[in-house]
Amino acid sequence: DVIAKCVDLVMSGAASGLCTAPIHKEALKHGADFGYPGHTEYLQALAKSGQAVMMLASDALRVVPTTIHIAIEDVPKALTPALLRDTITITHAELKSRFGINNPRIAVAGLNPHAGEGGTMGSQEVDWMKGEMDKMRTEGFDIVGPLPADTMFHAAARARYDVAVCMYHDQALIPIKTLDFDRGVNVTLGLPFIRTSPDHGTAFDIAGQGIANPTSMIEALKLAYQLAQKQAAS
């Protein structure tokens, strides 16, 4: 398919980066037996790269969901110390290497309301998240958390970190799409090549009407170019 062909081009060095348009996951699943929840997971498989991390980025905010295209009921089981650690580690490394942030400041959201409020609204934060964050701080990571997600995204809070690592898809994507819907860009971290895409879906409901806003796609192309220029210069 065209996605696999594009991955071949960037992996061979024939292209400097990959910018994908939105895909319709339901249509691919039921119409083409597509066996992946989304682009990120498929690109990870094609690249044979281990874990890939989805980051949504704009001038207003960068966010990373630790779990991605799974049902809410499956999040607590999928969310493990190893997955969270790997997500933070990959995010930290690529903010340094691709974005030029020498000492990335990382804010980590809790899973539960009020970050569990001492175990009264969920136990993951006290059972293992706080301990994992403490361990990573001793290893040199600039991390705060786990934090209540409902107080992480106002302007003063955002000024205190370079990226917010969230626990599930909507916890991460609602804030950035609210703050900067038109300019958000999806960047896949952890791949051996540059990949960006717009942060919106296919919008079939307005297709062919001449009213779709191309800004996010333009921003995705621009960011892919900028990252490729930095990579070439390094």
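Within segment 205-224, being of a type in the set (A, V, I, L, M), open to solvent by less than 70 Å² (accessible area, probe 1.4 Å) and in contact (Cβ under 8 Å) with a residue 24 or more places away in the chain holds for MET217, ALA220, LEU223, ALA224. Within the bounds of segment 182-191, is there any residue that is within 23 Å of ALA52 (Cβ to Cβ), assigned to a loop (DSSP other than H, G, I, E, B) and open to solvent by 60 Å² or more (accessible area, probe 1.4 Å)? Within segment 182-191, one or more residues are within 23 Å of ALA52 (Cβ to Cβ), assigned to a loop (DSSP other than H, G, I, E, B) and open to solvent by 60 Å² or more (accessible area, probe 1.4 Å).
Taking segment 2-48, which residues are surrounded by 14 or more Cβ atoms within 10 Å (Cβ to Cβ), polar (S, T, N, Q) and out of contact with any helix residue (DSSP H, G or I) (no Cβ under 8 Å at 6 or more places or on another chain)? If the condition is that a residue be surrounded by 14 or more Cβ atoms within 10 Å (Cβ to Cβ), polar (S, T, N, Q) and out of contact with any helix residue (DSSP H, G or I) (no Cβ under 8 Å at 6 or more places or on another chain), then THR40, GLN44 are the ones that fit.
Would you check which residues across segment 151-169 are among the hydrophobic types (A, V, I, L, M, F, W, C), open to solvent by 60 Å² or more (accessible area, probe 1.4 Å) and under 15 Å from ILE106 (Cβ atoms) and list them?
Matches in segment 151-169: ALA159 only.
Per this entry, PHE181 is counted among residues that are on the phi < 0 side of the Ramachandran plot, aromatic (Phe, Trp, Tyr) and without any contact (Cβ under 8 Å) to a residue 40 or more places away in the chain. For the condition in contact with an Asp or Glu (Cβ under 6 Å, 6 or more places away or on another chain) and touching a residue at least 12 places away in the same chain (Cβ under 8 Å), GLY116 qualifies.
Taking the criterion of being within 15 Å of TYR42 (Cα to Cα) and small (Gly, Ala, Ser), the residues of segment 1-28 that qualify are ALA4, ALA21. State yes or no: is LEU227 open to solvent by less than 20 Å² (accessible area, probe 1.4 Å), assigned to a helix (DSSP H, G or I) and farther than 20 Å from LEU111 by Cα? Taking the combined requirement at face value, the residue satisfies it.
The values are calculated or read from the model by the stated rules, or taken from the named source; none is laboratory data. On a predicted model such as this, the values are computed, not experimentally measured, just so you know. In this analysis, Cβ positions are derived from the backbone assuming ideal geometry, glycine residues included, and neighbour counts consider all displayed protein chains. The accessibility values were calculated without ligands, DNA or RNA, using every heavy atom of the protein model including side chains. Shrake-Rupley method; radii C 1.70, N 1.55, O 1.52, S 1.80 Å.
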